[in-house]
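**Student:** Structure below; questions to follow.
The values are calculated or read from the model by the stated rules, or taken from the named source; none is laboratory data. These figures come from a predicted structure and were not determined experimentally. No Cβ is skipped: glycine too gets one built from the backbone with ideal geometry, and neighbour counts run over all protein chains shown. Remember, those area values only see protein heavy atoms, side chains included, never the ligands or the DNA or RNA. Shrake-Rupley method; radii C 1.70, N 1.55, O 1.52, S 1.80 Å.
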Amino acid sequence: MRAVARLVAVADGRGGTVLRELRGESPLLLRQAAAEDGVATVYVVGGAAGPLAGDDLRLTVEVGPGAAVRVRTVAASVALPGRPGAVSRMRVEAVVGVAGTLHWLPEQLVAAAGGDHVAESRVELAEGARLTWREELVCGRYGESAGNAVLATSVDYAGRPLLRQSLAVGPAAPGWAGPAVLGGATATGSLLVVDPDRRPGPAEVEAVGGAARGRVLQTPGGALAAWLPLTGGPADLLTATAADAHTLRVLLSAPAGGGVGPVGGAAAGPLPVTTVTAPRPGAAAGTARVDAVGRR
Amino acid sequence: MTPSSMVLLLADGRFPAGAHAHSGGLEAAVAAGLVTDPATLGEFLRGRLATGGLVAAAFAVAAHRAAGVVDRRSTLARLDAELDARTAAPALRAVSRRQGRALLRAGRELWPTGGFEALPAGPPGPHQPLVLGLVAAAADLDPVAVATIAAYGSMTGPASAAVRLLGLDPYRVHAVLAALAADCDATAARAVATAADPPERLPAPAAPLTDIHAEVHTTWEVRLFAS
């Protein structure tokens, strides 16, 4: 199936946001929901199973200056096989204007066995725009091996490259499950937080030859994550690997390094997350300082 | 590609650019218990070639190309910013720039008129693949040679570190490398194939665990390798 959807949000001049355009077609339908924390919220509703190999879906999001939008999906997408040799595609293009805000918080993408899926996102942020952008990938449904999936994300801030990353899993991606990429984790994901009010970051530190520091998070079950300060703009990337989607969501809901609060997530439980500041893996556990336990 | 002594010289681990001080993320993967033997080392190297190896090779070829264009200073600055955007972990950005400075020092000694002044200036130094591209241009190598040197370096660094970190038999480690030679060549070929793409379209494969482990590694007080 081919489908195109478009969402245009503009400031209403009274501190709120109006959805000037909201249209889609099956299986890519858009529905406005009740505002969350005063932010206009839109759900992407899958009007059919899938994505199935052969599908070509395209979503455009425009957030005007001063407008704020949150986009969610009602359920995880499961990328399923279709015609032999066919690829399913989901393309998202988002543009956020000055002082605009986009929270992109979809549910997981599941790379089902035999599937072949490419999710491509391009985000252009004006200077002063805000973004939270979550991506979660689950490698196969329960008990099955992963299909092929590529999650390619490209974000520019004020005309400069901020983030380019393309995560590939499945039989076509050499070494993806190995110790350099996922180390056997079946769930992986990231949360990009762009916040113009963030304290001066790594760009200043690195310009004079210094090294900025990430912040490592760990669960007792061995799931790992790290807040990584980026240099192309006022942004941090939280990247994580975990044994399951639930633990991954807990990690991706951890408070940011740059003073950004937790973002809303569905179904995150009370799993403890510890911030590790000076440990050596395998060294005495007593040397690890615990900065934060629990979520919110 | 005709084998050339110049290719061997630049790919040699003894080339004085400080490569021996880095394990390419292997030390942290070993500490995490993920690499323990030749088989898991092979999987580590396969993943590394497909991610960091491909990025390094693609950007080395792009910088090699940029050496021949009129506005090479701005092209190299753009490539430098694009590499930053592909290197989310600050520890890995610092390592790439430190290795870039070391290679730049060697390059300037060997090819004083190599055009290295077109690289981004400033204390952090340029990213290593950009310097490699210019060094290879100064040495008159072709794009396939540049890409092969970059991809090869991404696997031989961790491989020799494995001998020291795990006490692996060097013969077994080299058997792993020999088995990956075709992957290495394929990585180089992919890098060359993307060379004409605009900088934002160059490969950007991610390796989440390598990023996270690099940050864990910087917190250690005692370590054998700088990265």
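**Student:** For B:V222, what accessible area in Å² do you get when you roll a 1.4 Å probe over the heavy atoms of the protein chains, rounding to the nearest 10?
**Tutor:** Result for B:V222: roughly 110 Å² accessible.
**Student:** Show A:V45, A:V123 ordered by accessible area, largest first, where the area counts protein heavy atoms only and the probe is 1.4 Å.
**Tutor:** A:V45, A:V123
**Student:** Amide H neighbours of A:E36 under 5 Å, counting only residues 5+ apart in sequence or on other chains, H built in-plane at 1.01 Å?
**Tutor:** A:T41
**Student:** For a quick check: with amide H placed at 1.01 Å from N, whose amide H comes under 5 Å from A:T73's, ignoring anything fewer than 5 positions away on the same chain?
**Tutor:** Residues meeting the amide H criterion: A:V44, A:E107.
**Student:** For A:M1, tell me the accessible area in Å² from a 1.4 Å probe, rounded to the nearest 10.
**Tutor:** 110
**Student:** Of A:L22, B:L104, which has the most accessible area and how do the rest follow, probe 1.4 Å?
**Tutor:** Result, largest first: A:L22, B:L104.
**Student:** Need one value for A:213-221: mean number of C-beta atoms belonging to other chains within 10 Å of its residues' C-beta atoms.
**Tutor:** Mean shielding count: 3.
**Student:** Give me the accessible area of B:S96, 1.4 Å probe, in Å² rounded to the nearest 10.
**Tutor:** 20
**Student:** Another one. As I understand it, the value is the acute angle between the Cα axis of helix B:54-66 and the longest principal axis of the Cα atoms of chain B; what does it come to in degrees, rounded to 10?
**Tutor:** It works out to around 20 degrees.
**Student:** Counting only C-alpha contacts under 8 Å and six or more residues apart, can you give the relative contact order of segment A:1-82 as a whole percent?
**Tutor:** It rounds to 36 percent for segment A:1-82.
**Student:** Also, I was wondering about something else. What percent does the relative contact order of chain B come to when contacts are Cα pairs within less than 8 Å and at least six residues apart?
**Tutor:** Relative contact order, chain B: 38 percent.
**Student:** Apply the Karplus parameterisation 6.51 cos²θ - 1.76 cosθ + 1.60, with θ equal to phi minus 60°, to every residue of segment A:82-97 and state each ³J(HN,Hα) to the nearest whole Hz, in sequence, with x for glycine and proline.
**Tutor:** Values per residue, Gly and Pro as x: x, 4, x, x, 8, 10, 9, 10, 10, 10, 10, 10, 10, 10, 10, x Hz.
**Student:** So which trypsin sites (Lys or Arg not before Pro) in segment B:172-227 pass both tests, a DSSP loop state and at most 16 other Cβ atoms within 10 Å of the Cβ?
**Tutor:** Counting only loop positions with at most 16 other Cβ atoms within 10 Å, the trypsin sites (Lys or Arg not before Pro) in segment B:172-227 are B:R223.
**Student:** Can you tell me what share of the DSSP beta bridges in the protein assembly as shown is antiparallel? A percent to the nearest 5 is fine.
**Tutor:** Roughly 50 percent of the beta bridges in the protein assembly as shown run antiparallel, per DSSP.
**Student:** Something else about it: Might you tell me the accessible area per residue for segment B:28-215, computed with a 1.4 Å probe and given in Å²?
**Tutor:** For segment B:28-215, the solvent-accessible area averages 37 Å² per residue.
**Student:** Pairing the Cα long axis of helix B:143-166 with the longest principal axis of chain B, what angle in degrees results, from 0 to 90 and rounded to the nearest 10?
**Tutor:** Roughly 30 degrees, rounded to the nearest 10.
**Student:** Accessible area of segment A:1-184 with a 1.4 Å probe: how many percent of it is carbon plus sulfur?
**Tutor:** C and S atoms contribute 52 percent here.
**Student:** So for segment A:1-184, averaging the separation of alpha carbon pairs under 8 Å that are six or more residues apart and normalising by length, what relative contact order in percent results?
**Tutor:** Contact order relative to length: 16 percent.
**Student:** Can you list residues whose amide H is under 5 Å from A:R141's amide H, if they're 5+ apart or on another chain and H is modeled 1.01 Å from N?
**Tutor:** Close amide H contacts, sequence-distant or interchain: A:A113.
**Student:** In degrees from 0 to 90, rounded to the nearest 10, what is the angle of the helix B:90-110 Cα long axis to the longest principal axis of chain B?
**Tutor:** The answer is roughly 60 degrees.
**Student:** Given a 1.4 Å probe and heavy atoms of the protein chains only, how would you sort A:Y142, A:Y157, A:Y43, largest accessible area at the top?
**Tutor:** The ordering from most to least exposed comes out as A:Y142, A:Y43, A:Y157.
**Student:** Given the rule -39500 (n - 2.57) for each run of at least 4 DSSP H residues, summed and divided by the residues of chain B, what is its mean residue ellipticity at 222 nm, to the nearest 500 deg cm²/dmol?
**Tutor:** -20000 deg cm²/dmol
**Student:** Taking both sides together, what accessible area is buried at the B/A interface, probe 1.4 Å, expressed in Å² and rounded to the nearest 100?
**Tutor:** Accessible area lost upon association: around 3400 Å².
**Student:** May I ask for the distance between the Cα centers of segment B:157-188 and segment A:141-199, given as a whole number of Å?
**Tutor:** Using only Cα atoms to place each centre, the spacing works out to 26 Å.
**Student:** Considering every residue in A:156-165, what mean count of other chain Cβ atoms within 10 Å of its Cβ is obtained?
**Tutor:** Other-chain Cβ atoms within 10 Å of each residue's Cβ, averaged: 5.
**Student:** Moving to a separate point now. Please give the average number of partner chain Cβ atoms lying within 10 Å of the Cβ of each residue in A:228-241, rounded to a whole number.
**Tutor:** For peptide A:228-241, the averaged partner shielding equals 4.
**Student:** On to the next question. Test of the criteria: in segment B:1-82, which trypsin sites (Lys or Arg not before Pro) are in a DSSP loop and have at most 11 other Cβ atoms within 10 angstrom of their Cβ?
**Tutor:** Those that pass, being in a loop and sparsely packed, are B:R14.
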